[in-house]
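S.K.: Have a look at the structure that comes next, please.
The values are calculated or read from the model by the stated rules, or taken from the named source; none is laboratory data. All values derive from a computational prediction rather than experimental measurement. So basically every Cβ, Gly included, is an ideal-geometry build from the backbone, and we count neighbours across all protein chains shown. Areas reflect the complete protein model, heavy atoms only, side chains present, ligands, DNA and RNA absent. Shrake-Rupley method; radii C 1.70, N 1.55, O 1.52, S 1.80 Å.
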Amino acid sequence: MRILGIESSCDETGVGLYDTERGLLAHRVHSQIALHAEYGGVVPELASRDHVRRVVPLVRETLAAAGCEASQLDGVGYTAGPGLAGALLVGAAFAEAYAFGLGIPALPVHHLEGHLLSPLLSADPPQFPFVALLVSGGHTQLMRVSAVGAYDLLGETVDDAAGEAFDKTAKLIGLDYPGGPALARLAGEGVAGRFKLPRPMLHSGDLQFSFSGLKTAVLTATKQANWQASQRADLAAEFQEAVTDVLASKAIAALKQTGLRTLVVAGGVGANRRLRERLNEMAERRKFRVHYPELEFCSDNGAMIALAAGLRFAQGEKGSREGRFAVRPRWPLNELRPPIVAA
Ligand code: KG4
Ligand code: ZN
């Protein structure tokens, strides 16, 4: 089956084409970073309008890159949530109309399911069951993943998400949007440990996270009388170390609690080099396996949505052919169920 995937939940328009036998055939992403940069963050209305402009040309490009005609498609998957309502509506409206016009089924996909399954696009995919550490701009969660759609929440953040903490802290120390990657780059030039930041909830004995206090601790450090802008890199390095310490330690605790030996890291923060370094070290020492999506599939993309839809269609999910849709800006991942197989 050939499945087209459409992603438009935030500030990337993504289109992917996934073949359930041959794997990913092509994908294209258009990032809106330049569009939002002058506002210092994502402006939802501008995001929606840009998705409108980009989605059709990206679909054409993706199909052309794979040498595939629209008439050869068997289904369309699209991100129906969580995300920005207006941005989601663009992808949903396009996907449902396109599928309806082609007489093929459309399937709403949970954005985080896309992230969670994205390591399956790599050459050495993880085997179920595994523990997933989902670290994006909006979510920080540990899940037990038993199969497609079988996700048990083990723990999550009680306040800011890890990516959000990166972004807010970057802003505090004067870095431009998008702050997370910029902060990570600056951290590479500094030395952790010269500042002392807390490791929130490191010893809480559960799998919950909290990152908002860290941002306040960074603010406090920059308010000290002896603070100098030249110390920014050291502060960034310590911040990154603190987040990484907590994420790595809770991920290991989740492996212990579930008795599993495979960890999957997904979402934008999964691109962080220091986090990968720490987890790789720990994996070697403690004899577990850790999988990451390819870097191009860490941030938002249509390939992971095509994949998630493709796996669901392949397992018998029918989708809908009515062209009707609703988006879910808020949509807890643990409400998902394995594919619904018609009798
Ligand atoms: O998964 P994603 O692209 O979008 C969401 O679904 O949220 O994640 C974006 C988040 C942003 O908060 C961004 O700052 C963060 O991932 N991020 C990073 C890095 N690259 C992206 N955070 C830390 N280090 C990075 N290298
Ligand atoms: Zn995302």
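S.K.: Tell me, in nm to one decimal, what length is gained between Ala37 and Ser122 on full extension, where the rule is 0.36 nm per residue of separation less the Cα-Cα distance?
M.R.: On the way: separation 85, 0.36 × 85 = 30.60 nm, distance 3.12 nm.
Full extension of this stretch gives 27.5 nm more.
S.K.: Follow-up question, since we're still on this one. For Lys171, give me every one of the lysines with a C-alpha distance below 27 angstrom, ignoring sequence neighbours fewer than eight places off in its own chain.
M.R.: Filter leaves Lys196, Lys215, Lys223, Lys250.
S.K.: With every protein chain in place, what's the accessible area of His30 (1.4 Å probe, Å², nearest 10)?
M.R.: 50 Å²
S.K.: Where in segment 307-343 does the label zone of Ala70 land, with the point 7 angstrom along Cα→C-beta and an amide N cut-off under 16 Å?
M.R.: 323
S.K.: Give the Cα extents of the chain along the principal axes, in whole Å, largest first.
M.R.: In descending order, the Cα extents are 66, 47, 31 Å.
S.K.: Same structure, new question: Give the residues of segment 112-128 whose amide nitrogen is closer than 16 Å to a point set 7 Å from the Cα of Asn334 in the direction of its Cβ.
M.R.: Counting backbone N atoms under 16 Å from the label point, the list is 113.
S.K.: Can you run the Rg to Rh ratio on segment 266-322? Use alpha carbon positions and the Kirkwood inverse-distance Rh.
M.R.: With Rh from the inverse mean 1/r over Cα pairs, Rg/Rh is 1.17.
S.K.: Which sequence of Asp11, Asp167 reflects their accessible areas, 1.4 Å probe, from the largest down?
M.R.: Reading off the accessible areas and sorting them downward yields Asp167, Asp11.
S.K.: Is it possible to state the helix-based mean residue ellipticity at 222 nm for the chain, with each DSSP H run of 4+ residues giving -39500 (n - 2.57), the sum divided by total residues, to the nearest 500 deg cm²/dmol? What is it?
M.R.: Values: 10 runs with 137 residues, N = 343.
Estimated from H runs of four or more residues: -13000 deg cm²/dmol.
S.K.: Hey, what's the per residue convex hull volume over the C-alpha atoms of segment 87-210, in cubic angstrom?
M.R.: Value for segment 87-210: 176 Å³ per residue.
S.K.: Using a Cα-Cα cut-off of under 28 Å, which lysines could be cross-linked to Lys256, ignoring same-chain neighbours fewer than 8 residues away?
M.R.: Output for Lys256: Lys287.
S.K.: Please work out whether segment 12-170 counts as rounded, prolate or oblate from its C-alpha gyration tensor, where a ≥ b ≥ c are the square roots of the eigenvalues and a/c under 1.5 means rounded, while otherwise a/b larger than b/c means prolate and anything else oblate?
M.R.: oblate
S.K.: Could you work out which residue, out of Val76, Val243, Val52, moves most in a Gaussian network model of the chain, that is, has the largest mean-square fluctuation with Cα springs under 10 Å?
M.R.: Val52
S.K.: Related question: Treat segment 198-288 as a sphere of radius equal to its Kirkwood radius over Cα pairs and apply Stokes-Einstein at 10 °C in a medium of 1.306 mPa s; give the translational diffusion coefficient in µm²/s, rounded to a whole number.
M.R.: It diffuses with D of about 109 µm²/s by this estimate.
S.K.: Please list the radius of gyration and Dmax for segment 128-292, considering alpha-carbon atoms only, with Å as the unit.
M.R.: Every Cα atom of segment 128-292 included, Rg and Dmax give 15.7, 54 Å.
S.K.: So, one more: In whole angstrom, how far apart do the alpha carbon centroids of segment 9-50 and segment 72-87 sit?
M.R.: 12 Å
S.K.: Shifting gears a bit: With a cut-off of at most 16 other beta carbons within 10 Å, and DSSP calling the residue loop, which GluC sites (Glu not before Pro) in segment 181-242 qualify? Please list them.
M.R.: Glu189
S.K.: Please report the antiparallel percentage of the DSSP beta bridges confined to the chain, to the nearest 5.
M.R.: Within the chain, antiparallel bridges account for around 60 percent of the total.
S.K.: So which helices of the chain fit the span-like rule, where a helix is a whole DSSP H run, its Cα atoms reach 20 Å or more along the axis, and its mean Kyte-Doolittle is at least 1.0?
M.R.: The answer, listed by residue number, is 85-102.
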